[in-house]
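Chemist: One structure follows; several queries about it will come next.
Where a number appears in this text, it was derived from the coordinates with a stated rule and is not lab data. Keep in mind it's a predicted model, so treat the numbers as computed, not measured. As a convention, Cβ positions derive from the backbone with ideal geometry for all residues, glycine included, and neighbour counts pool all protein chains shown.
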Amino acid sequence: MSARTSRVKNGPKDILPSMTRDEKIIEVVGTVSSLTPLLGGPLSSILMGISGDRRFDRVRKVIIELAERLGDVEADREAFVRSEDFEDLLIETLQRVAAERDEGKRLAYRNILLNAVRDARQSYDETLRFLRVLEQLHPDHVEVFRAYETEPAESNTLIGGSRRHTLGDRLPGMPAEHVDDLVVQLEDLRLTTGSLQGMVTGPSAVDLRPLITPFGQRFLMYVVEAE
């Protein structure tokens, strides 16, 4: 009996030998191809370049989830999925997924690809920009950004209030200096804009959504899974 097919005794259970890297790649490509044949083509070479079991498993999970959600690609998007642009985006995305330790960001990377396939209006260059911006965000950035997009309750302030105070109230566990630094970084990434300082009307003070830039709004749409 060969070493590949033999079983190794380990207490009451039989343990099969682990799959080789080539076998894992064949398994992933086969699974993806059965779900969305168009995605299977470029995967082998991409997966061959992923080093380390942990990184490989991150990529495998994301690409299978992507294929499950895409199913049969719409006819008008087949040309894009077959294009060099999509293959380049797939490579760029999966390389980031492999290196990303945070599961939430890995899901966001998956969603960017998912939405890029579904949205015929989206350009390659802006999708690549989404990937690069997401790569620079860490969990505290995301928490502050979510505070911006929170739908406000009605303001009880008759005269006015402070947007900076509103942001601080939504981030009670985060030091003020750290919040201010993160705000500057979000502005540098062109996700938000506008001053938080000074007094404004009550409704303006509690609604930070107008401070999200048009690019920031599109970014939010792409990192959330499309319905």
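Chemist: 5 Å is the cut-off here: which amide hydrogens, built 1.01 Å from N in the peptide plane, fall below it relative to Thr192, excluding neighbours closer than 5 in sequence?
Modeler: Result for Thr192 returns Glu187, Thr213.
Chemist: Based on the Kirkwood radius over alpha-carbon pairs, what value in µm²/s does the Stokes-Einstein equation return for the translational diffusion coefficient of the stretch 139-215 at 10 °C and 1.306 mPa s? Provide the component values of the computation, followed by the final result.
Modeler: Details: Rh = 12.5 Å.
This corresponds to a translational diffusion coefficient of 127 µm²/s.
Chemist: Can you work out the Karplus-derived ³J(HN,Hα) for every residue in the stretch 105-110? Use 6.51 cos²θ - 1.76 cosθ + 1.60 with θ = phi - 60°, whole Hz, and x for glycine or proline.
Modeler: 6, 4, 5, 5, 4, 4
Chemist: Which FRET efficiency, nearest 0.05, do Glu187 and Thr31 yield, Cβ-Cβ r, R0 30 Å?
Modeler: 0.10
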